[in-house]
Amino acid sequence: MDNLIKANKIKKGDRVAIVSLSSGTLGEPFCSHSLEIGKRRLEEFGLLPVFMPNSLKGNVYLKKHPEKRAEDLKLAFCNSEIKAIICAIGGNDTYLTVPYLMEDTEFLRLVRNNPKIFTGFSD
């Protein structure tokens, strides 16, 4: 277990990135109520949600642009103020981000050198 890299614990006041790696459902009008509830709950825990640039662009846009979904994750790892990453929605289309991430040596270096808690939820 010598190679295990652990992220630091999060604490009140920490920024957490919100990414949408599979679909843009979070950005659809019918999800606005759920979006507000999730944002409020994070704030009640003392966390500061940071919606990455493409996370709320909706289903049509994010379906066509897996590279933008991957870009958001990379930006979250680049930002030293971001202490954790929450994937707002998971699903089948996440695999389309793999070529933009796993073949990107800069991304791999960022993950290794700047570990963060990475969690998510899917139906």
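Based on the alpha-carbon gyration tensor of the stretch 36-123 and its eigenvalue square roots a ≥ b ≥ c, which shape applies: rounded if a/c is under 1.5, prolate if not and a/b is larger than b/c, or oblate?
Oblate, because a/c is 1.5 or more while a/b does not exceed b/c.
For the pairs Lys12/Lys74; Lys11/Lys68; Lys12/Lys57; Lys39/Lys64; Lys12/Lys64, flag any whose C-alpha to C-alpha distance is greater than 32 Å.
The answer is Lys12/Lys64.
Going from most exposed to least, what order do His33, His65 have by accessible area with a 1.4 Å probe?
His33, His65
What order do Cys31, Cys78 take when sorted by accessible area (1.4 Å probe), most exposed first?
Correct descending sequence by accessible area is Cys78, Cys31.
Explain nothing, just compute: Karplus ³J(HN,Hα) = 6.51 cos²θ - 1.76 cosθ + 1.60, θ = phi - 60°, for every residue of the stretch 50-62 in order, whole Hz, x for Gly and Pro.
The phi angles translate into 10, 7, 5, x, 9, 5, 10, 7, x, 4, 4, 5, 6 Hz.
For Phe118, what residues show an amide H to amide H distance below 5 Å, using hydrogens built from the backbone and excluding near sequence neighbours?
Close amide H contacts, sequence-distant or interchain: Ile85.
So what does Thr94 come to for accessible area, using a 1.4 Å probe and Å² rounded to 10?
Its accessible surface works out to 40 Å², give or take rounding.
Under the √(5λ) rule applied to the eigenvalues of the Cα gyration tensor, what semi-axes describe the equivalent ellipsoid of the stretch 1-64? Give them in Å, descending.
They are 26, 18, 8 Å, listed largest first.
Taking a probe of 1.4 angstrom, what is the accessible area of Lys57 in Å², to the nearest 10?
In the full protein context, Lys57 sits at about 100 Å².
The values are calculated or read from the model by the stated rules, or taken from the named source; none is laboratory data. Computed from a predicted structure; not experimentally measured. Accessible surface areas use protein heavy atoms only, side chains included; no ligands, DNA or RNA. Shrake-Rupley method; radii C 1.70, N 1.55, O 1.52, S 1.80 Å.
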